[in-house]
1. Starting from the stretch 1-21, take each residue that is farther than 12 Å from His31 by Cβ and of a type in the set (D, E, K, R) and list its partners that are surrounded by 15 or more Cβ atoms within 10 Å (Cβ to Cβ) and at pLDDT 95 or above, counting only C-beta distances under 8 angstrom and pairs at least six apart or across chains.
2. Across the stretch 12-43, which residue is surrounded by the fewest Cβ atoms within 10 Å (Cβ to Cβ) among those that are over 23 Å from Ser2 (Cβ atoms) and not basic (Lys, Arg)?
3. Residues of the stretch 49-68 being modelled with pLDDT under 95 and either exposed (fewer than 10 other Cβ atoms within 10 Å of the Cβ) or part of a helix (DSSP H, G or I) (or both), which ones?
4. Within the stretch 6-48, how many residues are charged (D, E, K, R), assigned to a helix (DSSP H, G or I) and closer than 18 Å to Ala60 by Cβ?
Amino acid sequence: MSLPPILRYFDFTHLPEPLRSVSMPFSELAHRLNTMLPAGPETTVALRKLLESKDAAVRAALDLPKES
């Protein structure tokens, strides 16, 4: 069984810290949901909304103070 294409947008390995730390839990949850839930429109919506949330959280992390 192949992974749904949306899961590629949950990759976080290319991000610098602290963005990686913010993004990683979303990726873990997306992959967990993909294995727990049956394929179908509601699972697709759940993953899409999780992706929207991840994107917002990563954007919010851009405003974290820089470590010196």
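The values are calculated or read from the model by the stated rules, or taken from the named source; none is laboratory data. Everything numeric in this text was worked out from a predicted model, so none of it was measured. Backbone-built Cβ (ideal geometry, glycine too); neighbour counts: all protein chains shown.
1. These pairs meet every condition: Arg20/Phe12.
2. Pro16
3. Scanning the stretch 49-68 gives Pro65, Lys66, Glu67, Ser68.
4. 1
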